[in-house]
1. Would you check if there is a residue in the range A:15-28 being more than 14 Å from chain B (Cβ to nearest Cβ) and either farther than 28 Å from residue B:240 by Cβ or at pLDDT below 85 (or both)?
2. Looking at residue A:252 and the list (1) modelled with pLDDT under 90; (2) more than 20 Å from the chain's Cα centre (by Cα), which single condition is not satisfied?
3. Looking at (1) closer than 18 Å to residue B:150 by Cα; (2) surrounded by 11 or more Cβ atoms within 10 Å (Cβ to Cβ); (3) of a type outside the set (A, V, I, L, M, F, W, C); (4) free of Cβ contacts under 8 Å to residues at least 24 places away in the same chain, can you tell me which one residue B:116 breaks?
4. Of the residues A:181, A:175, A:208, A:191, which is modelled with pLDDT of 85 or more, farther than 27 Å from residue A:347 by Cα, in the same structural domain as residue A:270 (by TED's automatic domain parsing) and surrounded by 23 or more Cβ atoms within 10 Å (Cβ to Cβ)?
5. Can you tell me which residue is nearest to the chain's Cα centre (by Cα) among those in the range A:65-95 that are in a helix (DSSP H, G or I), more than 14 Å from chain B (Cβ to nearest Cβ) and under 23 Å from residue A:126 (Cβ atoms)?
6. Across the range A:102-116, what is the number of residues that are outside any strand (DSSP E or B) and in contact (Cβ under 8 Å) with a residue 24 or more places away in the chain?
7. Give the range B:177-191 a look and list any residue that's out of contact with any Lys or Arg (no Cβ under 7 Å at 6 or more places or on another chain) and not β-branched (Val, Ile, Thr), or say none.
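The values are calculated or read from the model by the stated rules, or taken from the named source; none is laboratory data. Being a predicted model, the structure only gives us computed values, none of them experimental. Heads up, the Cβs are rebuilt from the backbone with ideal geometry, glycines too, and the neighbour counts pull from every protein chain shown.
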Amino acid sequence: MKRKRNLVKGWAVKQTASRRRAVGVALVALVAAGALVACSSEDKTGASGDGGTYTIWDPYPQFDDSSNWVKLLNDCGSKAGVTVKRTAFDTSDLTSKTLLAAQQGNAPDVLIVDNPVISTLAEAGVLTTSDDIKLDTSAIDPNLLGAGQSGGKTFGIPIGANTLALYYNKTVLTAAGVDIASVKDWASLTAALAKVTAAGKKGITFSAIGTEEGSFQFLPWFWGSGANLTKLDSPEAVSALSLWTDWLKKGYAPNSVINNTQTTSWQEFATGQYAFAENGTWQLANAKKTGFEYGIIAVPGISGGTAAAPTGGEFVSVPVQKSTARYAVSQKLVACLTDTDNSLATTTTLSYIAPTAAVQAKQVAANPELKVWVDAVKAAKGRTGDNLGTKYPKISQPMWTAVQAALSGSASPQAALATAQTAAAAATK
Amino acid sequence: MTAYLLAFFAYPLYRNLDLSLRDYTVRSFVQGGAPFTGWANYAKVLGDPAFGPALTHTVVFTVVSLTFQFVIGLALAVFFAKSFRLSATLRALFLVPWLLPLIVSASTWSWLLNSDSGVVNAALRMLGVDPVNWLTSPQWSLVSVIIANIWIGVPFNLVVLYSGLRSIPAQLYEAAQLDGANGWQQFWRVTFPLLRPVSAITLLLGLVYTLKVFDLIWIMTRGGPSDSSTTFATWSYRLSFGNLLPAFGPGAAVGNLLIVMALIAGLVYIRAQKRQYEP
């Protein structure tokens, strides 16, 4: 027994020694990491402190320095007589990065950011108004500019817009005997889905994930029913959620939509098994690669017509700087990025619809396929519009939660939306 | 060393505490001057209808994951302790889940468990069982993330417990054999007691890792559907970053609750350690 205890103790000593060594290694690693962080942050301040350098942040990490987008940024910089330092962020990171930078007093000179974020940043006092820096927004479609307005002021200018519509697979519809011209409202769409499912194919796919993306995809149906974001549990809203829930129950839409992002939903459509997919302008390039014939229709309203879809796309804005002298150049940069000629180039690069009627006409002339998208963008509506501003996020979260609850069967559409309305009312009080 | 500790541990902790005790809006986050509100954020979090389920999910997720990780890890460690042909190769294979970046494992699991095109449901269909909505039904989502987390945690337990086993002197087993102990008795009388210190530290580290598991759940279910797999970690993230309008205060409060839970576990461990060394 005694021998055993000694052995145990010896083992314990060895163990502590090796543990201490491990801790030492971990510490060295951490210090090294810390040093790296220190270096990189030093680097950054050096770059933005320079008088002739202007920083631009954008959410397009897919474009590298050789892309047309970055070339355009550099051209605009040299026209304004300054060097442009561009940094690309993942779109979900950009909001918090900007808030942190603004807190530290080193926000970028020009910021390109997703439109529903504008009201949040404006609320934080991070952005200048268009009056402050004398931006001309008169040519912009008012429904697109709406997302950047709050309290009668405009914060920035849309660089391009996109929205949602229904892609359809011609082969699947023909095989099931559905004429796309007959799909005009919810009843005829559901009837088409029934035919397709009966023919052994799959109906429709969309994204109902529990994030802003889910709300974005639900909104065309929500607004198409005549519902309003200020009252989530109205009978119209219930009819919109019931439409989706019934599709799932009847097997017209796959159960996986509850976790689908717009990308995974697109991948489902790209298999060629689905008749319809709700997706955006940005998938056009991928649609050509699918290998089957596709078409696009606007999302129908409950009893016909085109439902208002939410506007997507980014705004160019000018964050507040300590030295107001910088605004003159920033203004030139923004004007350059959004002028008519460049707007055509930019929106083509980004696969967006231009925010002005003049450029939209040019886009359709160059590519007639875009007609349906231009119409959809004209009918679209900003999420933070209707003077909701920063109330929108507080309504959107209860809404996507309700969508998830109803689709997963944990609550009826009626009950789920009633809960959502209570939560939204409490949050926006 | 002190400066390092202050800069990288004390200050962030202080900031997080400060965040959780003030009423931050996006405006006051940038411009400063958020009013001190005491425990209001904590009261808000505790009174939130999501609090109860999130606490239950955190506890269930942690306890079930730890139990299975430890039991499976120990069983495998004992199995591999006997050297046989290919044992080293097989052991290396078991390490793969640990080496993979979490985003890869989590995405792979969500493909496997996809309701419509997942391999698991295809297998169930072949066996004539009704497919299960693993990630999209409120009853199964938590189970699914737990299964994935167990798979990820087993290698860690295996490695640490295996090295613990190697340091148990072979003479003890010889002595036990001479005394006529069978395999089962050897395990319970020799292996298990001698492995206790290693087991304790494995479980403690496992607990800390599991409490803060975030990426796995976020990628697989986003804490949904309708909060059915939300734990404190995902809830805290959603409050602070998962929304267009960040709520830093309540987010930090939930984060601090997590830290407190880990701290309590650490204190329990230290107490247990002390008792062990006192005669």
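1. yes
2. Evaluating residue A:252 over (1) modelled with pLDDT under 90; (2) more than 20 Å from the chain's Cα centre (by Cα) leaves (1) as the failure.
3. For residue B:116, the failing item is (1).
4. After applying the criteria, what remains is A:208.
5. Step by step, filter the range A:65-95, then rank; the result is A:73.
6. Final tally of qualifying residues: 8.
7. Of everything in the range B:177-191, those that are out of contact with any Lys or Arg (no Cβ under 7 Å at 6 or more places or on another chain) and not β-branched (Val, Ile, Thr) turn out to be B:177, B:178, B:179, B:180, B:182, B:183, B:184, B:185, B:186, B:187, B:188, B:189.
Condition check ((1) modelled with pLDDT under 90; (2) surrounded by 20 or more Cβ atoms within 10 Å (Cβ to Cβ); (3) hydroxyl-bearing (Ser, Thr, Tyr); (4) within 16 Å of residue A:257 (Cβ to Cβ)) across all residues:
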residue: A:390; (1), (2), (3), (4): yes, yes, yes, no
residue: A:398; (1), (2), (3), (4): no, yes, no, no
residue: A:406; (1), (2), (3), (4): no, yes, no, yes
residue: A:410; (1), (2), (3), (4): yes, no, yes, yes
residue: A:413; (1), (2), (3), (4): no, yes, no, yes
residue: A:418; (1), (2), (3), (4): no, no, no, no
residue: A:427; (1), (2), (3), (4): yes, no, no, no
